[in-house]
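So the structure is just underneath, and the comments pick up after that.
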Amino acid sequence: MGSPRSSRRVLAGVAFALITLAAAVLLGKHLTHTSWPLQRAHMGLVAAAGVLYFASYVLRALGWQKLFPAGARPGRATCLAACGAAAASGVVLPFRLDYLVKIGTLRRMRGVKLGLEAIALSIISLGLVDAVAFLPLSISATATSSSSFRIPLILVVLFGVGACGILVAGRHLGRLPFIASRARLSKLAGRAAQHATGRTREAVVAWAFLSGCWTTRALGSTVLLAALGVGFSPKIALVVLCLSAAASLIPIASGGAIANVGATAAVLLALGVHKEQAINFGLASGLMLCGTAAAAALAGVSASLVSGFRARQLARGTGQAATSRPPLSSSTRTP
């Protein structure tokens, strides 16, 4: 771990998550007949959903790590700490300000020597590859949903198709009149496309990790729906996931679990789910996503501290062995 400021950033993200957990409990008590959203839930299934949500953050961190330059790539624990802190603080931060938390946390973690531009390009590349990885789920949700949700789901699909087009033909985007007439936009588009497609193998591996991230997130939502008595319905989970994740796929949108809680409950109500179950799921999913994000941040920080301690111990042991080694005598020296 680096400076005390990085520790404060992670702790601030965890504090935001804890505040949201308390707010979810109070809101659930006010709007439903339960004292908190998971009171009547099947706790075995809730635990399974929590494991899947946590795994989604781990897979996301692994995918993000692959999008950095190989020579200066941060460690897995470092990426996990930054992803977890950003997700936890994104609970209340609007307009994707959690990106600033992610950048600030990563830059101040131990052993990270990347500049601001390299981190920003990795986040842009992460958004593009993330949208492509989300495309199969959004297509499935669009094909199986009712006509009332078709338009917003089609927009999510089009966003993924657009991201795929940028990755495939990104180097030629600078020739478009709208982009070519703006020097900064043209330079940014060229750098982002080159960064995302310059290492094809790493981009494919990142896509695989991010696909696993969204798949485990969908499975977690499916299991949580079953835990709350809605039933085992992958169709509902896909629609809810696609619509609630639309904001996180668009960088200029207002993110955060607080905004997603109401949207999730509204979608479930429109799908015919009972009011109390819909509200409980919206609150419970937000609660568990925040809790697992905080756990991911703490796990990443702990693993980083352990790794740094082991590295210092190894360096100290190597130094002591070198200083305690007796000098070669004149009879054993090589002529």
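The values are calculated or read from the model by the stated rules, or taken from the named source; none is laboratory data. Nothing here was measured: the structure is a model prediction, and the numbers come from that model. Every residue, glycine as well, gets a Cβ built from its backbone with ideal geometry; the counts of neighbours run over all protein chains shown. To get the accessible areas, we keep the full protein, side chains included, count just its heavy atoms, and leave off ligands, DNA and RNA. Shrake-Rupley method; radii C 1.70, N 1.55, O 1.52, S 1.80 Å.
List of remarks:
- Every pair of residues 6+ apart whose Cβ atoms lie under 7 Å, when the first sits in the stretch 207-231 and is more than 23 Å from Leu268 (Cβ to Cβ) while the second is open to solvent by less than 20 Å² (accessible area, probe 1.4 Å): Trp207/Val129; Trp207/Ala133; Phe209/Gly63; Leu210/Gly63; Leu210/Val129; Leu210/Asp130; Leu210/Ala133; Ser211/Ala133
- Output for the stretch 289-317, where each listed residue is open to solvent by 20 Å² or more (accessible area, probe 1.4 Å) and within 26 Å of Val230 (Cβ to Cβ): Leu289, Gly291, Ala295
Matching residues to (1) on the phi > 0 side of the Ramachandran plot; (2) part of a helix (DSSP H, G or I); (3) open to solvent by less than 10 Å² (accessible area, probe 1.4 Å); (4) not charged (D, E, K, R):
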{"residue": "Val112", "(1), (2), (3), (4)": "no, no, no, yes"}
{"residue": "Glu117", "(1), (2), (3), (4)": "no, yes, no, no"}
{"residue": "Ala120", "(1), (2), (3), (4)": "no, yes, no, yes"}
{"residue": "Gly127", "(1), (2), (3), (4)": "no, yes, no, yes"}
{"residue": "Asp130", "(1), (2), (3), (4)": "no, yes, yes, no"}
{"residue": "Leu135", "(1), (2), (3), (4)": "no, yes, no, yes"}
{"residue": "Ser140", "(1), (2), (3), (4)": "no, yes, no, yes"}
{"residue": "Ala143", "(1), (2), (3), (4)": "no, yes, no, yes"}
{"residue": "Arg150", "(1), (2), (3), (4)": "no, yes, no, no"}
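- The set of residues from the stretch 93-103 being modelled with pLDDT of 80 or more and crowded, with 17+ Cβ neighbours inside 10 Å comprises Tyr99, Val101, Lys102, Ile103.
- Helices (runs of 4 or more DSSP H) wholly inside the stretch 1-92 containing at least 1 residues that are within 22 Å of the chain's Cα centre (by Cα) and modelled with pLDDT under 75: 4-31
- The number of residues in the stretch 188-211 that are open to solvent by 20 Å² or more (accessible area, probe 1.4 Å), in contact with a Ser or Thr (Cβ under 9 Å, 6 or more places away or on another chain) and modelled with pLDDT of 90 or more comes to 0.
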